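Worksheet: the structure to be examined is printed underneath.
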Amino acid sequence: MTTTLIKNGTVINSTGTAAADVLVDGETIAAVLNPGSTLLGVDLEQSVDSVVDATGKYLIPGGIDPHTHMELPFGGTQASDTFESGTRAAAWGGTTTIIDFAVQRYGERVEDGLATWHAKAAGNACIDYGFHQIIGGVDEFSLKAMDALIEEGVTSFKLFMAYPGVFYSDDAQVLKAMQKSAETGLLAMMHAENGPAIDVLAEQLYSAGKTLPYYHGIARAWQMEEEATHRAIMIADLAGAPLYVVHVSAKQAMEQLAAARDKGQNVFGETCPQYLYLSLEDQLGAPGFEGAKWVCSTPLRARAEGHQDAMWQALRTNDLQIVSTDHCPFCMKEQKELGLNDFRAIPNGIGGIASLGRADLHHTGPNVWPLRQEGRHPAGRRCRPGDL
């Protein structure tokens, strides 16, 4: 193993910032020391294999993105990032670990879905990775297969209250899966939106000639997120299961999580950079088809309703615990354009994996120096020239 001393930088950690030297042994942070410290009994600058001068730069721990979708099949296409291109982009942004989602759909075997995602990632990822398991078909066979997930290194699974006919689980299926969660210790993750009701609203909008990307956000109203979040919380409470609600965007859904946590229920919530910075008015409502770039689910919310401010506040007060990206990019050409005349056909997802590691330091530009250095290359080319 080679040793590296990074000196004269400003270390940022969970408690604040401080001038410090960082000793790296192979791929491990061996010590964070006062500048020039001889605490280890040697002059580190003279004894290590290499020295990096980080004067004027921040040193931050490698980020963990717990919610990504590489090569996810969706809407007749698949996410445009491979494990190679997506993890290169992650490393460039300072993220050194991702947790992606292996997919099982109705009629498929859980074991086969996990094996497929292992094959996609093996030898291709530039950073560390792990998997959650999507359970898109809750039945006696998938419930039995869940018993073996922990032995395979998978300790969490995801259900969908949205996307009828694709990943959707009804309340009975959700209850059975959450009972399995309570039995095994697996963490239940939930995409909380009322999918059947959203489909009704979307059909009504389309029939009225409202086809632009903006109406994706109108159909997926905040009431549909709040209702499903409350329902997931109550079913988890009944089953005695831990619950992690993904990509929270509506302040009302966050308030449901906060209320449950205040009562002592074992629930957690994540939000994403897009819900902190972007809005229904400014991005999803961009002129013409431009808003398709920002179609994701849950959708961007109205800034006028205060959702973005509420997400920031919830992170400060620990009513939300996690920031992920839900990275699931699609190119405009041949992918987003599938919904050129019907917002319902626009693949749901946007990219963000290269920004998460430096999301809170975006103003520093190139002066961010991740502690882990592998993969510091420009993001992989995910689309053909002219696609964006």
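Within 13 Å, Cβ to Cβ, of Gly195, how many net charges do the neighbouring residues add up to if Lys/Arg are +1 and Asp/Glu are -1? Mind showing how you got there, number by number?
Details: positive: Arg220, Arg231, Arg344; negative: Asp170, Asp171, Glu193, Asp199, Glu203, Glu225, Glu227.
In short, -4.
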* Please list Tyr106, Tyr275 in order of solvent-accessible area, largest first, computed with a 1.4 Å probe with all protein chains present. => Tyr106, Tyr275
* Can you list the residues, at least 5 places off or on another chain, whose amide H is less than 5 Å from the amide H of Asn194, using H built in the peptide plane? -> Glu225, Ala228
* Asked: Relative to the longest principal axis of the chain, what angle (0 to 90°, nearest 10) does the C-alpha long axis of helix 307-317 take?
  -> 50
* Asked: Helix 222-239 versus the longest principal axis of the chain: what angle, 0 to 90°, nearest 10, using Cα atoms?
  -> 80
* Asked: Once phi is turned into θ = phi - 60°, what whole-Hz ³J(HN,Hα) does the Karplus curve with 6.51, -1.76 and 1.60 give for every residue of the range 340-349, x standing for Gly and Pro?
  -> 4, 10, 7, 4, 5, 9, 6, x, 7, x
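Carbon-plus-sulfur fraction of the accessible area of the chain, 1.4 Å probe, in percent? Please report the intermediate quantities before stating the final value.
On the way: 8840 of 16960 Å².
Roughly 52 percent of what the probe reaches on the chain is carbon or sulfur.
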* Any chance you could look up the accessible area of Tyr168 with a 1.4 Å probe, heavy atoms only, rounded to 10 Å²? => 70
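Assuming 0.36 nm per residue, please report the length gained on full extension of the stretch Asp43 to Thr155 beyond their Cα-Cα distance. Before the final figure, lay out the partial values.
Working: separation 112, 0.36 × 112 = 40.32 nm, distance 4.32 nm.
Separation in residues times 0.36 nm, less the Cα-Cα distance, equals 36.0 nm.
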* Asked: Top mean-square fluctuation among Met254, Met70, Met234, Gaussian network model of the chain, C-alpha springs under 10 Å?
  -> Met234
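Tell me the trypsin sites (Lys or Arg not before Pro) within the range 223-276 that lie in a loop according to DSSP and have at most 11 other beta-carbon atoms within 10 Å.
On the way: sites: Arg231, Lys251, Arg261, Lys263; in loops: Lys263.
Counting only loop positions with at most 11 other Cβ atoms within 10 Å, the trypsin sites (Lys or Arg not before Pro) in the range 223-276 are Lys263.
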* Asked: Could you give the accessible area per residue of the range 171-314, probe 1.4 Å, as a whole number in Å²?
  -> 38
* Structure fact -> The alpha-carbon pair-distance distribution computed for the chain, with 20 angstrom bins and whole-percent values, is 27, 56, 17, 1
* **Above-threshold pairs, the threshold being 19 Å between Cα atoms, out of Lys158/Lys180; Lys158/Lys333; Lys293/Lys336** => Lys158/Lys333
* Vicinal HN-Hα couplings computed from phi for the range 278-295 (Karplus, 6.51 cos²θ - 1.76 cosθ + 1.60; Hz; Gly/Pro x) -> 9, 8, 4, 5, 8, 9, 5, x, 4, x, x, 8, 4, x, 4, 4, 10, 6
* Asked: In degrees, nearest 10, range 0 to 90: what is the angle between the Cα axis of helix 110-121 and the longest Cα principal axis of the chain?
  -> 40
* Structure fact -> Given backbone amide H placed at 1.01 Å from N, residues whose amide H is under 5 Å from that of Leu72, ignoring those fewer than 5 places away on the same chain, are Ala79
* Label point 7 Å out from Ala31 along Cα-to-Cβ: which residues of the range 46-85 have amide N under 12 Å? -> 46-48
* Charges only on Cβ, +1 for Lys and Arg, -1 for Asp and Glu: so what's the dipole of the chain about the Cα centre, in debye to the nearest 20? -> 660
* Going by accessible area, probe 1.4 Å, with all protein chains left in place, what is the ranking of Ser50, Ser207, Ser80, largest first? -> Ser207, Ser50, Ser80
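Using just the Cα positions, wrap the range 63-169 in a convex hull and report its mean projected area in square nanometres, one decimal place. Could the numbers behind the result be given before it?
On the way: hull surface 26.7 nm².
Here the figure is 6.7 nm², rounded to one decimal.
How much net charge surrounds Tyr214 when only other residues with a Cβ under 12 Å from its Cβ are counted (Lys, Arg +1; Asp, Glu -1)? Write out the running numbers ahead of the final one.
Working: positive: Lys210, Arg220; negative: Glu281, Asp282, Glu290.
The answer is -1.
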* Where the centre of each part is set by its Cα atoms, how far does the range 256-282 sit from the range 52-69, in angstrom? -> 24
* Lys57's amide H: which non-local residues (gap 5+, or another chain) put their own amide H closer than 5 Å, with H modeled 1.01 Å from N in plane and none for Pro or chain starts? -> Thr10
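For Ile322, what is the net charge nearby, where nearby means another residue's Cβ is under 12 Å from its Cβ and Lys, Arg count +1, Asp, Glu -1?
Once all neighbours under 12 Å are counted, the net charge is -4.
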* With a ≥ b ≥ c taken as the square roots of the eigenvalues of the C-alpha gyration tensor of the range 191-275, please select rounded if a/c is under 1.5 and otherwise prolate if a/b is larger than b/c or oblate if it is not? => prolate
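The values are calculated or read from the model by the stated rules, or taken from the named source; none is laboratory data. It should be emphasised that the depicted structure is a prediction, and the values quoted were computed from it without experimental measurement. For neighbour counting, all protein chains shown are included, and Cβ atoms are generated from backbone atoms with ideal geometry for every residue, glycine included. Quick note on the areas: whole protein, heavy atoms, side chains included, nothing else; ligands and nucleic acids left out. Shrake-Rupley method; radii C 1.70, N 1.55, O 1.52, S 1.80 Å.
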